[in-house]
Amino acid sequence: MTILSGDRDTFQLATDKITIRIPRTKNGKTEEDDYDKEKIIEQYGIEPKALIEVKGLMGDKSDNIPGISGIGEKTALGIIKKYKTIEKLYENIEKRKSGRN
């Protein structure tokens, strides 16, 4: 199955069976890039569903997601690569606060 969308937020839907097709204009001509699960992992270094966590950290004004001040895509990707979820990040912070490294 292929989903055609101009919104990269759909990348989180990519699987082995779902490809996201993103149109772009190059030299006045519309071309399309296909993103499957493997291409998302190759480009971002995380599973497609984890992009939801990245968005939560970095925010997105167009989707009215505030994010955390000072955290952009690169930092958010690094955090999610290390901790996998925002919840696990906060668990780690709490462990450090209580001295339970």
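Taking Cβ atoms as reference points and 11 Å as the exclusive limit, the residues near D16 contribute a net charge of 0, counting Lys and Arg as +1 and Asp and Glu as -1. Summing Cβ point charges (Lys, Arg +1; Asp, Glu -1) relative to the Cα centre of the chain gives a dipole of roughly 500 debye. In this structure the amide hydrogen of T19, modeled in the peptide plane, comes within under 5 Å of the amide hydrogens of T2, I3, none closer than 5 places in sequence on its chain.
For the chain, a Kirkwood hydrodynamic radius built from all Cα pairs, placed in the Stokes-Einstein relation at 37 °C and 0.692 mPa s, yields a translational diffusion coefficient of 219 µm²/s.
With K and R counted +1 and D and E -1, the other residues having a Cβ less than 12 Å from that of D60 yield a net charge of -1.
Only protein heavy atoms count here; on that basis, with a 1.4 Å probe, I3 has an accessible area of about 50 Å².
Helical content of the chain, expressed as a calculated mean residue ellipticity at 222 nm, amounts to -11500 deg cm²/dmol (DSSP H runs of 4 or more residues, -39,500 (n - 2.57) each, divided by residue number, nearest 500). Annotation for the range 31-55 versus the range 67-101: alpha-carbon center distance of 20 Å. In this label model, M1 and K29 are separated by 3.2 nm, measuring between points 7 Å along each Cα→Cβ vector. Note on K17: lysines with a C-alpha under 16 Å away, same-chain residues under 8 apart excluded, are K37, K39, K49. The order of R21, R8, R96 by accessible area, most exposed first and with a 1.4 Å probe, is R96, R8, R21.
The values are calculated or read from the model by the stated rules, or taken from the named source; none is laboratory data. Predicted model, so just to flag it, every value in this text is computed and none were measured. In this analysis, Cβ positions are derived from the backbone assuming ideal geometry, glycine residues included, and neighbour counts consider all displayed protein chains. Each accessible area value is taken on the protein alone, full model and side chains, heavy atoms only, with ligands, DNA and RNA left out. Shrake-Rupley method; radii C 1.70, N 1.55, O 1.52, S 1.80 Å.
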